[in-house]
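Before any comments, here is the structure.
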Amino acid sequence: MTRTDTHRPSAIDPTEYQFVSFHDHRPQAAGAQIAEQQAFRAHRERTGGKFSDHDHGGVCHVCGNAHAQTVARFWHEPTNRYIEVGETCAGKLWNGERADFASFRAKVAAGVEAAAGKAKAERILTEAGLSFAYDVWLQRDYDNWGREEEIISDIVGKLVRYGSVSDKQIALIAKLVGDIDRKAEIAAQREAEAAAALPIPSFAGRVTVEGVVISRKLVTGFYGDAIKIVVKADDGWKVYGTEPSTVEATVGDRIRFDAAITVSDDDPKFGFFKRPTKPEVVA
């Protein structure tokens, strides 16, 4: 059927169109286009316009391309109607940079990848009988979490990000889920371990610290976000500080690094490390 609408390629006048926002029709892209949707709704509330209902035969309302997933939304002022167009047609209506389209597409791709990672992580954990662990990660209840939830969240977060988890980590998650059910018993055990721990030795200057990572979490501070870890030495004393930037430890890893140690005023068995160097995961 021959098109007679205003938006057909042969009749379109670029000067009559105003770029409003980007959009992607895939549900997984919802997170990437929150700001774009807000901009579009605000513009539509101001104009009272509606989408054009002309017959275009595809996703792109100008050329009819049926394969465009990422589109740009334009307002046609003479008819007070909105249209969606693919990248090629958008370039003819708008003098914006192609980099803008690429930037939005990159955000969408990241959102789609994240959604796929979440779905895969949920499936793996459910098949292992550990769906509770995925729920813990979703909650992000950092203020009320104990050590078990922190470790579970750390491992599940890496599973979401990288798409795989080792048998050892699955076994650890299963143990931690059980530990959550035995918190009272474990609390008593930790009190006994704390009582048996030795105080931090009298260090002079920078020293080599070696121990097991027993806590790892993201902390937002004055200078931005940072990963903080607690390392427990073989003698039982513990130190807290920023994870060295050149390693990415997992709770349960044994690490070694050089740092300056300051003992807490309130607890001789707990301290703080600063400026860690020469970090390595020992085991």
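The values are calculated or read from the model by the stated rules, or taken from the named source; none is laboratory data. Model, not experiment: these values are computed from the prediction. A quick note on method: Cβ atoms are made from the backbone with ideal geometry, for glycine too, and the neighbour counts reach across all protein chains shown.
When segment 32-52 is examined, which residues are found to be in contact (Cβ under 8 Å) with a residue 24 or more places away in the chain and either basic (Lys, Arg) or within 17 Å of ALA11 (Cα to Cα) (or both)? First the steps, then the outcome.
Keep residues of segment 32-52 that are in contact (Cβ under 8 Å) with a residue 24 or more places away in the chain, which gives 32-33, 36, 40, 43-44, 47-52.
Across segment 32-52, the qualifying residues are ARG44, LYS50, SER52.
So which of ALA30, ALA72, ALA68, ALA11 is modelled with pLDDT under 90 and in a helix (DSSP H, G or I)?
Details: ALA72 fails: in a helix (DSSP H, G or I); ALA68 fails: in a helix (DSSP H, G or I); ALA11 fails: in a helix (DSSP H, G or I).
Among ALA30, ALA72, ALA68, ALA11, only ALA30 is modelled with pLDDT under 90 and in a helix (DSSP H, G or I).
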> When segment 66-89 is examined, which residues are found to be among the hydrophobic types (A, V, I, L, M, F, W, C) and in contact with a His (Cβ under 8 Å, 6 or more places away or on another chain)?
Replying inline: VAL71, ALA72, TRP75, ILE83, VAL85
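Where residues in segment 188-203 are outside any helix (DSSP H, G or I) and small (Gly, Ala, Ser), which of them is farthest from the chain's Cα centre (by Cα)?
SER202
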>> Taking the condition of being more than 22 Å from the chain's Cα centre (by Cα), surrounded by 13 or more Cβ atoms within 10 Å (Cβ to Cβ) and not hydrophobic (A, V, I, L, M, F, W, C), how many residues in segment 27-50 meet it?
In response: 4
> Residues of segment 228-245 being touching a strand residue (DSSP E or B) at 6+ places or on another chain (Cβ under 6 Å) and either assigned by TED's automatic domain parsing to the domain that holds GLN169 or farther than 15 Å from PHE270 by Cβ (or both), which ones?
Replying inline: THR242, GLU243, PRO244
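For GLU210, are the conditions met, namely being among the charged types (D, E, K, R) and within 22 Å of ARG161 (Cβ to Cβ)? Walk me through it before giving the result.
Values: among the charged types (D, E, K, R): yes; within 22 Å of ARG161 (Cβ to Cβ): no.
In short, no.
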>> Cβ-Cβ distance below 9 Å, separation of 6 or more or different chains: which pairs start in segment 12-26 with a residue that is surrounded by fewer than 18 Cβ atoms within 10 Å (Cβ to Cβ) and end on one that is among the aromatic types (Phe, Trp, Tyr)?
In response: PRO14/TRP94; GLN18/PHE74; GLN18/TRP75; GLN18/TRP94; PHE19/PHE74; PHE19/TRP75; PHE19/TRP94
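Looking only at segment 199-242, how many residues end up being exposed (fewer than 10 other Cβ atoms within 10 Å of the Cβ) and β-branched (Val, Ile, Thr)? Let's see the steps before the verdict.
Taking segment 199-242 and keeping what is exposed (fewer than 10 other Cβ atoms within 10 Å of the Cβ), we get 202, 204-205, 220-225.
Still in the list and also β-branched (Val, Ile, Thr): 220.
So the count comes out to 1.
Of the residues THR250, THR277, THR262, which single one is outside any strand (DSSP E or B) and among the polar types (S, T, N, Q)? Please lay out each step first, then the result.
Values: THR277 fails: outside any strand (DSSP E or B); THR262 fails: outside any strand (DSSP E or B).
Going through THR250, THR277, THR262 in turn, just one is outside any strand (DSSP E or B) and among the polar types (S, T, N, Q): THR250.
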> Pairs under 6 Å by beta carbon, first residue touching a residue at least 60 places away in the same chain (Cβ under 8 Å) in segment 263-274, partner assigned to a loop (DSSP other than H, G, I, E, B), six or more apart or different chains?
Replying inline: VAL263/ILE200; PRO268/PRO199; LYS269/ALA197; LYS269/PRO199; LYS269/TRP237; PHE270/SER264; GLY271/ILE200; GLY271/SER264
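So if I check each of VAL112, VAL62, which one is among the β-branched types (Val, Ile, Thr), in contact with a strand residue (DSSP E or B) (Cβ under 7 Å, 6 or more places away or on another chain) and either farther than 16 Å from THR6 by Cβ or at pLDDT 80 or above (or both)? Let's see the steps before the verdict.
On the way: VAL112 fails: in contact with a strand residue (DSSP E or B) (Cβ under 7 Å, 6 or more places away or on another chain).
On inspection, the qualifying residue turns out to be VAL62.
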> For segment 75-93, how many residues are part of a helix (DSSP H, G or I) and within 14 Å of PHE40 (Cα to Cα)?
Replying inline: 0
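Any residue in segment 204-223 that is part of a helix (DSSP H, G or I), at pLDDT 90 or above and under 26 Å from PHE273 (Cβ atoms)? Quick ask: steps written out before the conclusion?
So the first thing to find is which residues in segment 204-223 are part of a helix (DSSP H, G or I), and the list is none.
No.
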> Do we have any residue at all in segment 188-198 that's touching a residue at least 60 places away in the same chain (Cβ under 8 Å), surrounded by 12 or more Cβ atoms within 10 Å (Cβ to Cβ) and either on the phi > 0 side of the Ramachandran plot or not hydrophobic (A, V, I, L, M, F, W, C) (or both)?
Replying inline: no
